[in-house]
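The values are calculated or read from the model by the stated rules, or taken from the named source; none is laboratory data. What you are looking at is a predicted structure, and each value in this text was computed from that prediction instead of being measured. Reconstructed Cβ throughout: ideal geometry from the backbone, glycine too, with neighbour counts over all protein chains shown.
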């Protein structure tokens with residue numbers, strides 16, 4: 001995230017150092033009881049952290065105590081760590097922007113270890129149930145044969161309308177019903193711990209490379225990406241970058257991937273707008289909380305870094321996005337569109353781009369808080385937060401057995417671009 005002299009980077013480094021300490025002892029589970037004193041202490045630490053470090057242009061975090069008070073009865077009724085975390089996060093949603101989340105001790109540990117307990121799927125909610133988008137390799141879901149495109153509509157005899165109906169404890173077995181095309185299947189799946197890491201992959205359609213990057217977070221493997229890009233640079237006449245389901249992560253990882261597509265000196269991605277940028281703008285131009293206006297007068301830009309291979313592709317590039325594409329993924333997709341005129345295919349993104357850090361509250365239980373520290377504006381002046389990126393061509397999620405229309409269209413149209421370039 002920017003240069004090492006940036007206050008945001010220093011804050012992020014401090015947080016990462018605390019991650020190790022936070023996972024070195026047993027943490028309570030979401031179903032464990034939480035006392036009134038523990039709730040009060042957690043809320044007090046959240047208030048302190050928001051007031052001292054959080055920042056979004058135009059937002060007054062001193063309103064947090066009043067927001068909590070308004071939901072005081074709901075908070076008082078919570079009995080478990082999970083219930084308390086859920087209510088607090090519903091209060092945080094009242095701010096109306098992303099990247100402000102209270103992590104329960106269990107969720108924080110899962111994030112740090114890149115594993116969690118459950119059945120191992122990523123879904124999108126539909127009217128008739130939950131559509132399976134991804135199945136994590138080696139997960140319980142993979143072992144019983146769940147597949148992308150399946151529509152889960154029942155679990156343990158009850159209709160499934162949200163992820164809550166699929167939640168359960170480690171070791172608990174559930175009977176789920178799903179539709180796979182015209183067929184109805186019943187599967188028995190037992191929840192356990194599984195890895196949430198999905199490796200980057202490349203598949204080929206002739207000389208078109210389809211590069212899938214599932215995350216920019218801790219699971220992003222720089223060495224693997226470097227190796228894949230060597231393959232791509234030696235063979236590809238076009239690249240489809242698949243960022244569907246990539247919820248973002250570390251900006252440094254984004255900058256690494258961007259180095260294979262963008263010229264760092266001439267093709268910046270966008271602008272971070274934090275406290276420093278607002279102060280400098282105010283001193284020179286007068287008061288403003290408009291991120292777009294402030295970004296237009298800010299010299300420091302987010303740029304691609306360098307990769308060890310010294311490779312920068314010059315072939316046509318397209319990008320796949322969906323509602324699971326957020327944060328760093330949206331930064332990448334918008335930069336490809338604005339700097340390379342890349343076409344975007346799929347569904348609109350999450351619209352959630354605030355650079356943030358995650359820090360332990362350093363309480364007795366092990367809660368952690370994610371909070372925003374800067375806004376972001378693309379190089380052509382689009383504030384993505386609250387404004388999802390709309391693809392050039394929109395396609396519904398593929399049901400089981402259906403063609404991935406977003407991918408096939410991207411490949412087909414890249415082939416046309418390639419032929420025109422060759423003819424020229």
Return the residues of region 167-184 that are in contact (Cβ under 8 Å) with a residue 24 or more places away in the chain, assigned to a loop (DSSP other than H, G, I, E, B) and closer than 16 Å to residue 139 by Cα; say none if nothing qualifies. 167, 168, 169, 170
Residue check for residue 221: modelled with pLDDT of 90 or more and farther than 27 Å from residue 108 by Cβ: no
Residues in region 367-395 that are assigned to a loop (DSSP other than H, G, I, E, B), crowded, with 22+ Cβ neighbours inside 10 Å and either on the phi > 0 side of the Ramachandran plot or not assigned by TED's automatic domain parsing to the domain that holds residue 339 (or both) total 1
Does residue 245 qualify as being in a loop (DSSP other than H, G, I, E, B) and in the same structural domain as residue 307 (by TED's automatic domain parsing)? yes
Can you tell me which residue is nearest to the chain's Cα centre (by Cα) among those in region 186-201 that are loosely packed, with under 14 Cβ neighbours inside 10 Å and touching a residue at least 12 places away in the same chain (Cβ under 8 Å)? 201
Going by the conditions given, is residue 320 closer than 27 Å to residue 343 by Cβ and not in a loop (DSSP other than H, G, I, E, B)? yes
I'm trying to understand the selection: among the residues of region 292-326, which are closer than 16 Å to residue 354 by Cβ and out of contact with any helix residue (DSSP H, G or I) (no Cβ under 9 Å at 6 or more places or on another chain)? 292, 326
State all residues of region 112-164 that are crowded, with 19+ Cβ neighbours inside 10 Å and in a helix (DSSP H, G or I); if no residue qualifies, say none. 140, 141
In region 247-261, residues that are in contact with a strand residue (DSSP E or B) (Cβ under 8 Å, 6 or more places away or on another chain) and at pLDDT 95 or above total 5
Please specify each residue of region 210-244 satisfying the condition of being under 21 Å from residue 115 (Cβ atoms) and either touching a helix residue (DSSP H, G or I) at 6+ places or on another chain (Cβ under 9 Å) or surrounded by fewer than 18 Cβ atoms within 10 Å (Cβ to Cβ) (or both). 213, 215, 216, 217, 218, 219, 220, 221, 222, 223, 224
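Conditions tested, residue by residue: (1) closer than 25 Å to residue 405 by Cβ; (2) not in a loop (DSSP other than H, G, I, E, B).
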| position | (1), (2) |
| --- | --- |
| 194 | no, yes |
| 198 | yes, no |
| 211 | yes, yes |
| 219 | no, no |
| 225 | no, yes |
| 231 | no, yes |
| 239 | yes, yes |
Scanning region 396-424 for residues that are modelled with pLDDT of 95 or more and within 22 Å of the chain's Cα centre (by Cα), the one surrounded by the fewest Cβ atoms within 10 Å (Cβ to Cβ) turns out to be 407
